[in-house]
Amino acid sequence: MGVFSFQLEMFVIILIGFILAKKNVINSQVREGLTDIIMYLVLPCSTIIAFDIELDITIIKQATSVLVVSLFVQILYLIINKFSYVKFGKEERKIVQYATIVSNSGFLGLPLLDRLIGPIALLYGSIALIPTRLAMWTFGLSIFSEEKENRFKKILLHPCVVAIYIGLLLMTLKSNGIFMPAVILNLVSRIGSSLTLLSMLIIGSLLVDLKWVHFFERKLIKYSFNRLILIPLIVYLVLNPLGLDDLIIQVSVLLVSMPAGPTVAMLSEKYDSDSVFASKVIIVSTLLSLITLPIIFYVLI
């Protein structure tokens, strides 16, 4: 039930965003303002709080294995992006490439690991997402940002990338017994926790002019197959013969089984890409994950 409840919650919020857009409560100006709030405040806060973990020496070996697997997954993403979407249009290719790198593993995957396996799975999952968070705001951001002049500098100084620096510092300090004041962490956590709500509202508002037939485009099905079936299958087939701890395999496979993350719509909207197509990618992959995720959970756990 945990899988279904999380997915259905997102769909309800998307529906609310759709209704608010129909009523013109969320118009183009409101959507642009909300996007800026997410990009420059909410996303950085959610990134910082994700690094609020303490590395125990007794689990450092397992955590290292998880990190190595996560790096392998990033290489797999690059290979799929290079060969799988060559026939897509330019803007569509940007979106599915980013959505391949960045799934909804942070806002759906981690809570599910915590609820269905336990706190240790949540810890390993948080570590596994470190390479993903680095990739999403460096290489991932460069997919959308076409400005050549000073592009690398601008990416390094992007608020979401700066949040990674702060998060890594926070994790290092906490692992050495130095803790940030609880009032600051609570504030950052409260702001970051609004990401799913705000992003799903925006996604819903983008769907006002769409017909349902648009959700079943061949390109959407191909992306969803890669994201929900092909990638988890490859990761499982590679890891299973290696004799790794079952928990490492479970965490790694489950995290790569998640649908597209909401940030693809945020970046598409921010950088004037095809935000409608990005919203369809999120919704279709999330809808299909209602079928694939329970099956993967049943096989693994």
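The values are calculated or read from the model by the stated rules, or taken from the named source; none is laboratory data. Predicted model only: the values in this text are computed from it and were never measured. Cβ: placed from backbone, ideal geometry, glycine included. Neighbour counts: every protein chain shown. These accessible areas exclude ligands, DNA and RNA; they are computed on the full protein's heavy atoms, side chains included. Shrake-Rupley method; radii C 1.70, N 1.55, O 1.52, S 1.80 Å.
Give me the accessible area per residue for the chain, probe 1.4 Å, as a whole number in Å². Please report the intermediate quantities before stating the final value.
On the way: 14260 Å² over 301 residues.
Value returned for the chain: 47 Å² of accessible area per residue.
When the alpha carbon gyration tensor of the stretch 216-301 is reduced to an equivalent ellipsoid, its three semi-axes come out at 28, 13, 10 angstrom, largest first.
Dividing the alpha-carbon Rg of the chain by 2.2 N^0.38 Å yields what? Display every interim value, and only then the final one.
Details: Rg = 18.5 Å, N = 301, 2.2 N^0.38 = 19.2 Å.
Against the compact-globule rule of thumb, the ratio is 0.96.
Using a Gaussian network model of the chain whose springs link C-alpha atoms within less than 10 Å, name the residue from 83, 11, 179 with the highest mean-square fluctuation. Top of the fluctuation ranking is 83. Spin-label pair residue 78-residue 52: with each label point 7 Å from Cα along the Cα-Cβ axis, the two points sit 3.3 nm from one another.
With N as its number of residues, the stretch 54-120 has a Cα radius of gyration that, divided by 2.2 N^0.38 Å, comes to 1.46.
Out of the total accessible area of the chain (probe 1.4 Å, heavy atoms of protein only), what percent is carbon and sulfur? Looking at the chain in its full context, I get 67 percent from C and S. Gain on full extension, evaluated as 0.36 nm per residue between residue 41 and residue 120 minus their Cα-Cα distance, stands at 25.5 nm.
Over the chain, Cα pairs under 8 Å with separation of 6+ residues give a relative contact order of 34 percent.
Listed peptides 241-247, 61-67 appear in the order 61-67, 241-247 once ranked by packing, highest mean of other Cβ atoms within 10 Å at the front.
If you wrap the stretch 96-245's Cα atoms in a convex hull and average its projection over all directions, what's the area in nm²?
Values: hull surface 50.9 nm².
The orientation-averaged projected area of the Cα hull of the stretch 96-245 comes to 12.7 nm².
Placing pseudo-labels 7 Å out from each Cα toward the beta carbon at residue 183 and residue 156 gives an inter-label distance of 3.5 nm.
Of all the options 78, 254, 123, the one that moves most in a Gaussian network model of the chain with Cα springs shorter than 10 angstrom is 78. The calculated FRET efficiency for residue 16 paired with residue 225, based on their beta-carbon distance and R0 = 25 Å, is about 0.30.
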